Amino acid sequence: MATESAMKAPFTKYVEYLNDLNEKRERVVKASRDVTMNSKKVIFQVHRMSKYNKEEVLQKAEKDLAAVTNQYMSRLVKELQGTDFWKLRRAYSPGIQEYVEAATFCGFCKNGTLLTLDEINNTLLPLSDPSLQPLQINILDYLLGLADLTGELMRLAIGRISDGELEFAQKICRFARDIYRELTLVVPHMDDSHDMKTKMEIMLQSVMKIENACFSVHVRGSEYIPLLGSDDPGSFLVGVADIEL
Amino acid sequence: MQFIKPAFRNACYCYYYTITRSLNPNPFILVSLPTSPFLTLQSFRPSFSTFSFFSSDVMAGGGGDNSVPPLSHSLEKQFDAFRSQLEESGTLRERIRNVVSEIESATRLMYASLLLVHQSRPTPELLEKAKSQIGVLKEKYKQLAEILGGCPGQYYRYHGDWRSETQSVVSLLTFMHWLETGSLLEHKEAEEKLGLNSSEFGLDVEDYLIGVCFMSNELPRYVVNQVTAGDYDCPRKVLKFLTDLHAAFRMLNLRNDFLRKKFDGMKYDLRRVEEVYYDVKIRGLTPNGEPVGNQGVEA
C-alpha cells in the first residue's frame, strides 16, 4: 500500500498534464478543421470567377478569407503559445496549410504574384493582444501549403482556358512552374521531407496538366488552320473566292 | 464543289471565333501562311496583325523560358531566404544528432552494466558502474540545452531527434532506482538526475512515462533470473511494485498513441510476473531459499 500511495501523488500530476495537453490538442484540431473547411470555401469562391465577374468574386473571396483569419485562425493564437507552437504542430498543420493555400490563391488571382510568408504573417499580427506571442506561420507549413496551391492553379487554368482566357492560363502556367522550380531547391532541406516529396510529385503532375492544356489549345488553335494549309489549296481558294462575292 | 462550302464556313468560323473569343491561334500561322496561296488574299491581311499580337503572347507563355516574368525575382528572393533558414536548422539538427548519438552510446554502456543483474552479480557493484555514466549523460543533455538555447520555444521542433534515446535513458534510470530503493523514480527526480529543468530543456512527461513502460518490460526477465538464482522473495516484491505501477498508469487518460500501446503491453509483464510468483508459491519456495514442506518430494 505504501508504494501505491507514493506513486499516486506524482501520477496525479501526470494525469493533469496529459488531460490538459489532450484537451488543448483537441481544441487545436477543431480550430484547424474549421480553418480547413472555411479556407476550402474561399478557394471554391475563387474558382467561381469568370471573365466578367472577376472583381466581385475576388472581393467576396477576400472578405471570406478575412473572416477565416478573424474567426478561426484567431482561436489558434492563444493555444499555441511558447513550446506548444511546435509541440502541437501536427494538430494544426493541415489547417494552416489549407489557409496558406487559400491566401496565396486569392493573392495570385488578385495581383498575379505570390503572397509571401511575411505578408501572410503580417495579416495575422493584429489577431493577438500584446500580452500574447503572435501566431506566425512557420516556413514548413507555408511551403506545404504552396505545394497544394498548384492543384488549385491547375483547376483554375483549365477553367480559364474553357472561358477563353488563354493569356491568364499561360500566366498561371508560368507561375506554377516558378513555384515548382523554387520548391525543388528547398525541399531537401525541409524537416520531414517525406510528406513534401509526395506533394512534389503531385505538383509536377499538376504543372504538366496545365502545360498540356495550354499545349492543346495552342495546337488546336492551329487545328482550324489545316483548312488553310491543306494540300488542296485550290479548294480553299475557291472557298475564299466565295467570300469575295 | 458542294462539300467545300461547309469547310469554308468552318474556316470562317474559326477566324471569327479567334477574334471574338481571343482564342490564340497557332503562331505557326505566321510561318506557314506566306507559303500558302492564302497570302495573295489581301482581304485577310488585317487579321494577320491581330494574329501576330496574340501569337507573340503565346510564344512568351508557351515557350516560357525566353521571357522572365517580373514575379520571378521576388519569388526567388523569398525562396533563397527559406533555403538559408532551412539549411541553418539542418545544421542545428546535425549538431543535435551528434550529441544524441553520444547519449545513445553512454546509455548502451549503462545498459550493458545493468544486464549483469540477470547473472546475479552483486547489485551495488554493477549499479556503481552504471551510475558512472549518469555524469556523462548529464554533460550531454547540457550540450543539447545549449544548442537549443539559441532557438527558444523550438524544443518540440527537434524533439523527435532525442525522443527515443531519452526514453531509454529514463527506463534505465528508473530501473536502477528501483533496484536501489524498490520505488518508482518520479518525473521530477529523473529530471534532476539528468540535470534538466523544464524552463529551458526539460524531460517531456510522455517520454518519462514511456521510459517507465520500457522499464516494466525488463522486470519479468529479472524475476525469472532472480528466482533461478534462488531469490524466492523477488517475485512478491516485483509483483507488488508492478501491480501498483499498473494501477497508477490506469489513472491516465491516454490517447491512441505510442504511450497507450506501451501501457497495453504492461499487462503482459504483469501476467508473466504473476506466473512466476505462482510457480514459486505453489511449490512452497520460501524467501530464505529453503522450500517449505517436504524437500524430498521436490527432489
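The values are calculated or read from the model by the stated rules, or taken from the named source; none is laboratory data. Keep in mind it's a predicted model, so treat the numbers as computed, not measured. Here the Cβ is made from the backbone with ideal geometry for all residues, glycine too, and neighbour counts use every protein chain on show. In case anyone asks, the SASA skips ligands and DNA or RNA and just uses the protein heavy atoms, side chains included. Shrake-Rupley method; radii C 1.70, N 1.55, O 1.52, S 1.80 Å.
Scanning the range A:72-114 for residues that are open to solvent by 40 Å² or more (accessible area, probe 1.4 Å) and of a type outside the set (Lys, Arg) turns up A:72, A:81, A:83, A:94, A:111, A:113.
Yes or no, residue by residue, for (1) crowded, with 21+ Cβ neighbours inside 10 Å; (2) modelled with pLDDT of 90 or more; (3) not charged (D, E, K, R):
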| residue | (1), (2), (3) |
| --- | --- |
| A:129 | no, no, no |
| A:140 | yes, yes, yes |
| A:163 | no, no, no |
| A:172 | yes, yes, yes |
| A:176 | yes, yes, yes |
| A:181 | no, yes, no |
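Within the range B:151-190, restricting attention to residues that are more than 12 Å from every other protein chain (Cβ to nearest Cβ) and free of Cβ contacts under 8 Å to residues at least 24 places away in the same chain, the residue that is nearest to the chain's Cα centre (by Cα) is B:164. For residue B:115, state whether it is without any contact (Cβ under 8 Å) to a residue 24 or more places away in the chain, assigned by the TED database to the domain that holds residue B:199 and out of contact with any strand residue (DSSP E or B) (no Cβ under 6 Å at 6 or more places or on another chain). Judged against the criteria, residue B:115 is a match. For the range B:191-209, the candidate set comprises residues that are within 11 Å of another protein chain (Cβ to nearest Cβ) and free of Cβ contacts under 8 Å to residues at least 24 places away in the same chain; within that set, the residue that is nearest to residue B:167 (Cα to Cα) is B:205. For the range A:210-233: of the residues being among the aliphatic types (A, V, I, L, M) and at pLDDT 50 or above, which is surrounded by the fewest Cβ atoms within 10 Å (Cβ to Cβ)? My answer is A:219. Selection within the range A:1-11: residues that are open to solvent by 20 Å² or more (accessible area, probe 1.4 Å) and facing chain B (nearest Cβ under 7 Å). The member of this set that is modelled with the highest pLDDT is A:8. Of everything in the range A:38-53 that is without any contact (Cβ under 8 Å) to a residue 40 or more places away in the chain and open to solvent by less than 50 Å² (accessible area, probe 1.4 Å), the residue that is nearest to residue A:167 (Cα to Cα) is A:53.
Each residue in the range B:168-221 was checked for being open to solvent by 10 Å² or more (accessible area, probe 1.4 Å), more than 22 Å from residue A:6 (Cβ to Cβ), at pLDDT 95 or above and not assigned by the TED database to the domain that holds residue B:232, and 1 of them qualify. Applying the criterion of being out of contact with any Leu (no Cβ under 6 Å at 6 or more places or on another chain) and β-branched (Val, Ile, Thr) to the residues of the range A:56-78, the residue that is farthest from residue A:99 (Cα to Cα) is A:57.
Condition check ((1) among the charged types (D, E, K, R); (2) within 30 Å of residue B:153 (Cβ to Cβ)) across all residues:
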{"residue": "A:128", "(1), (2)": "no, yes"}
{"residue": "A:133", "(1), (2)": "no, yes"}
{"residue": "A:140", "(1), (2)": "no, yes"}
{"residue": "A:145", "(1), (2)": "no, yes"}
{"residue": "A:163", "(1), (2)": "yes, no"}
{"residue": "A:166", "(1), (2)": "no, no"}
{"residue": "A:173", "(1), (2)": "no, no"}
{"residue": "A:178", "(1), (2)": "yes, no"}
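Look at the range A:72-84: where a residue is without any contact (Cβ under 8 Å) to a residue 24 or more places away in the chain and a partner is not aromatic (Phe, Trp, Tyr), sitting 6+ places away or on another chain with Cβ atoms under 7 Å, you get A:83/B:153.
Condition check ((1) within 30 Å of residue A:117 (Cα to Cα); (2) within 20 Å of the chain's Cα centre (by Cα); (3) of a type in the set (Ser, Thr, Tyr)) across all residues:
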position	(1), (2), (3)
B:81	yes, no, no
B:89	yes, yes, yes
B:111	no, no, yes
B:114	no, no, no
B:138	no, no, no
B:142	no, no, no
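Considering (1) open to solvent by 80 Å² or more (accessible area, probe 1.4 Å); (2) in contact (Cβ under 8 Å) with a residue 24 or more places away in the chain, the lone condition that residue B:125 does not fulfil carries the number (2). Candidates in the range A:183-193 are the residues that are part of a helix (DSSP H, G or I) and more than 7 Å from chain B (Cβ to nearest Cβ); of these, the one that is surrounded by the most Cβ atoms within 10 Å (Cβ to Cβ) is A:183.
When you go through B:245, B:252, B:259 one by one, which is the residue that is in contact (Cβ under 8 Å) with a residue 60 or more places away in the chain, within 14 Å of another protein chain (Cβ to nearest Cβ), in contact with a helix residue (DSSP H, G or I) (Cβ under 7 Å, 6 or more places away or on another chain) and under 21 Å from residue B:171 (Cβ atoms)? None of the other options fit; the residue is B:245.
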